[in-house]
Each structure stands twice: as structure tokens, then as C-alpha cells.
Amino acid sequence: MKRGFEASPSTSFGPPKSKLRYDTYGDSRASDDESFKNARRVAEHYSARSNQTLEEREASPIIHLKKLNNWIKSVLIQLYARSKDAVLDIACGKGGDLIKWDKAKIGYYLGVDIAEGSIKDCRTRYNGDSEQQQRRKKFGFPARLICADFYEVPLDKYLQDDAPFDICSCQFALHYSWSTEVRARQALANVSALLRPGGIFIGTMPDANVIVKRLREADGLEFGNSVYWISFEEEYMLKKFKASSPFGIKYKFHLEINLMCSMLCLHSYLTKLCMQDAVDCPEWIVPFHVFKSLADEYGLDLVFAKNSHEFVNEYLKKPEYAELMRRLGALGDGNHDQSTLSQDEWDVAYLYLAFVLKKRGQPSSGRRNTSANKGKMFIAEEDIEFISS
């Protein structure tokens, strides 16, 4: 009998129609293994990237996929974020979700990312500096930014004055913790320690069932379409995965990002801006049944997990989210803009899922006092905190 991950069938066959620097707090657990070295190398590469202009973003062949991903994240935030919530944004990148959190009227924001350049860009976006032309007003919540590897550094003691958080978010990045069991456990241990009882952990990540299904359907160890490809190494020639070794199942993922430069690694760690600037982009399979079991060990109960196709088809039926989709333009605006998600982009979306976990325990009746947090309404460059591992 084949061992592996059962495939989740798609619910549709086409796109929907209309500086402070600190050492690790506590004992350092950073290792010299390949995954850690790669995380640092990729973070340095991503830090060196400049922000794209609006024109460059709109010229991307996957612009509608990116808009669809923004819609999925927006729906998750609207479903679970509440006014005055304290938010922990894991792998926050350049702060692309700040506006979403502002619309949810949160009370406090703490962003953590491994890439120094991304954290600095997040600071710029939060402050509304002159180059951020899309900003019309200041954000309505204080914020704090930390440069650290959330999957290596125990943060419970370091952030004890900020915790507990009402909601944690990790978008398109949690699978980077799955290179080793130690990193996967540290990621979930941090979430559990920092989230209040009854608090919510939302996220998006690759759907292992779909990736393994596609691999087994392929003639060789590589598959994809006009905008992406995934390749596995020779050790997976039999296309079988040991149930006893659910960590460190590595593959390479490439995605076209714009018309002049090829190869984007979608997630918050790496963009290949051109071939001579290429960096290997390993990612790791996250068998969801193992993820669910591990989360359970840390007091995090599964609320739901839905493949992106299922998620879109379910929530697009609700008028408020259909209107949000129209405004974001992933399927066109229903009026003058008829451009929409391509079939190949829709196929990429099928590679991902959205999940929601809830911290076990009874929430306290009172709301935490956000004025006690260390957040600021304007973040100077020296306010960014660096925690090394």
C-alpha cells in the first residue's frame, strides 16, 4: 500500500467567474544545519531587494494571483480579527498586510521577520514615508518591529510584557519551519506561548496533499505550467515519503513574477529578480495531519483547513466578500476592467490552503490594556529590535 498524503480534490476546474540588537533571550538553539544556513542566505538576499513600483507590480504575469492571495488573507482577517485586538504578525515581510489590520481596527501590532531589509521596509510603510504614495493617513494602532528567526528563537520571555496576543498570523511562510522538527516545534511553541487562551492563529501555506498528488501524476520529478514549476530531488524518485520522517521533505519552487525577470519564490523569504541573481529556493512539505497533531501538542486546536479553491468557492458566495473581490480586482472589477485570473494562476492557487487554529482554554472576560504595550505610533530606525540566534 502506498504511504503518503491523500489528495484533496479541487472543488472547481477553473478560475471563479465574476538599531537595538540583542542576543537570543535564553539558551540559543540555532544550529549549523543546511536549513539554518539557507534561511540566513535567503534573508540576506531578500533584504537587498528594492520595493516594486505600482507599474512593475501591475505588469506581473501573476498580478491576479497576488490579488487573489490578498483577498484570501483579507477574508481571514475580517473573519477573526476584532476591534482593539493585539496582533502578532509572523514573517510580516514588508508589511503588506498593515492596511488589512488597520481596516480591522486592531489595537496593537507586532511584526517579526527574519529579513532585516524587509523589516526596514515595513517600518517605512508603517510610518507613511513620502515614497509610500498609497498611504493617505497614518495607521490607527501602535506597532513594534523585531528582526528575528521566529522558528529558531524562543520569544516567550522576551515578549512577556506584550503577550498575550489575541490573534497570530503567518502567511505563506510557516512551511519554512518544517525543515527540521526542532524548528517546527519552536514555531508552534512560540505561537502557543504568546497567544491568549481562546486566541486565534490564522495562516496560509502549501497544501501537501495537492503537491504530492501532482508529483505522482508527473512523468518525472518536476511539474508545473507557464507560471510555476516544482521539482523534487533524486532521493524521491519513487515518489514515496516515510511516515516516520515527516520533516525535511525538500523541493524547489519557482514562480514567474514579472515580464523581464523570471523565477520568484512566492513566500516572504526570497525573490529571484533575474537569472544572474538566482538563489536556490528550497521549501518543505508540511503533511497536514502531522501539523495538526503537533499543533495539538501545543494546545492549538484546528478550527478549519481549506484548500484555496474550496476557500474561494465558499466565501465568494457571501456578498460582502464578493464585493471585496471586486474591489481588489483579482477577477476584474465587473465593469470596465475585464482582466481576470488565468487558468494557470488558478492552478497555482490550488497548491495552497488556509488554516485556522484556536488556543485551548477559556478566554478572560476583560480586554487587555494596549497602552501597556511597547508599540509606537512612529517607529524610528533605531526602534527596530534585532534578536540573533
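Couple of notes before you dig in:
- Segments 320-326, 82-88, 233-239 sorted - mean Cβ within 10 Å per residue, highest first: 82-88, 320-326, 233-239
- Under-5 Å amide H pairs with LEU195, H placed in peptide plane, nonlocal only: PHE165
- Least to most buried among ASP161, ASP113, ASP296 (fewest other Cβ within 10 Å first): ASP161, ASP296, ASP113
- Separation of the alpha carbons by more than 24 angstrom is noted, of LYS66/LYS240; LYS100/LYS138; LYS306/LYS374, for LYS66/LYS240; LYS306/LYS374.
- Each peptide in 310-318, 162-170 was scored by the mean count of other Cβ atoms within 10 Å over its residues; highest first, the order is 162-170, 310-318.
- Which of SER244, SER342, SER226 has the fewest Cβ neighbours within 10 Å, and the rest in rising order: SER244, SER226, SER342
Each reported figure results from applying straightforward, stated rules to the coordinates on display, with no laboratory input. Nothing here was measured: the structure is a model prediction, and the numbers come from that model. All Cβ positions, glycine included, derive from the backbone under ideal geometry; neighbour counts span all protein chains shown.
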